[in-house]
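Notes for the one structure printed next.
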Amino acid sequence: MKDTIQFLDISNMMEEAMRHATDEIGRGGPLIPFVLAITFDGERELQQFRLTDLATSAQAAYDHVRASAGRYELAVVAVDITLTKDDGSRTDAVLTEGYGSELEASLQLALPYKPATATRPMSFGQPQQLGNGENLLRANA
């Protein structure tokens, strides 16, 4: 039962992280990789990772979640990715990956977008469930 509750909680956190990420991109800047988390004590944390480049920053966000196993009950990493579609075309997307201490695997959700141009406002596609990944909150268990 607790894993079902965590699934619902992490889904809500992923939606919150997606809103935060799209707001950042909509303001014209790159998405700085971040972690949104809730500790076992119920404290909420939002931490951005600004390093030498976005790839290094994204890796630091994932490393932070892995290092926080035992401290975080729930965590979401948000990063900007290039998503390859089924037809082979590529598009920008926000990836949120959610982790719960009671879940077997992570949840991965991508939201494709087209950046604004001088003649077109920013637009978003349909969210896509990408599958599951390693649960970094259980990686050391």
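The values are calculated or read from the model by the stated rules, or taken from the named source; none is laboratory data. Just so it is clear, the model here is predicted, and its values are computed rather than measured. Cβ atoms come from the backbone with ideal geometry, glycine included; neighbour counts cover every protein chain shown.
Data for the structure
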read-out	value
Filter pass, residue 4 being among the polar types (S, T, N, Q) and either at pLDDT 90 or above or in a strand (DSSP E or B) (or both)	no
Among the residues listed as 54, 31, the single one being crowded, with 18+ Cβ neighbours inside 10 Å, under 25 Å from residue 115 (Cα atoms), touching a strand residue (DSSP E or B) at 6+ places or on another chain (Cβ under 7 Å) and not polar (S, T, N, Q)	31
Output for region 6-31, where each listed residue is in contact (Cβ under 8 Å) with a residue 60 or more places away in the chain and small (Gly, Ala, Ser)	11, 17, 21, 26, 28
Candidates 49, 34 - the one that is of a type outside the set (A, V, I, L, M), under 14 Å from residue 24 (Cβ atoms) and in contact (Cβ under 8 Å) with a residue 40 or more places away in the chain	34
Region 40-85, subset touching a Leu at 6+ places or on another chain (Cβ under 9 Å) and among the β-branched types (Val, Ile, Thr), residue nearest to residue 22 (Cα to Cα)	79
Matching residues, region 67-91, being charged (D, E, K, R) and buried (at least 17 other Cβ atoms within 10 Å of the Cβ)	73, 80
Residue 21 vs. criteria at pLDDT below 95, over 20 Å from residue 134 (Cα atoms) and assigned to a helix (DSSP H, G or I)	yes
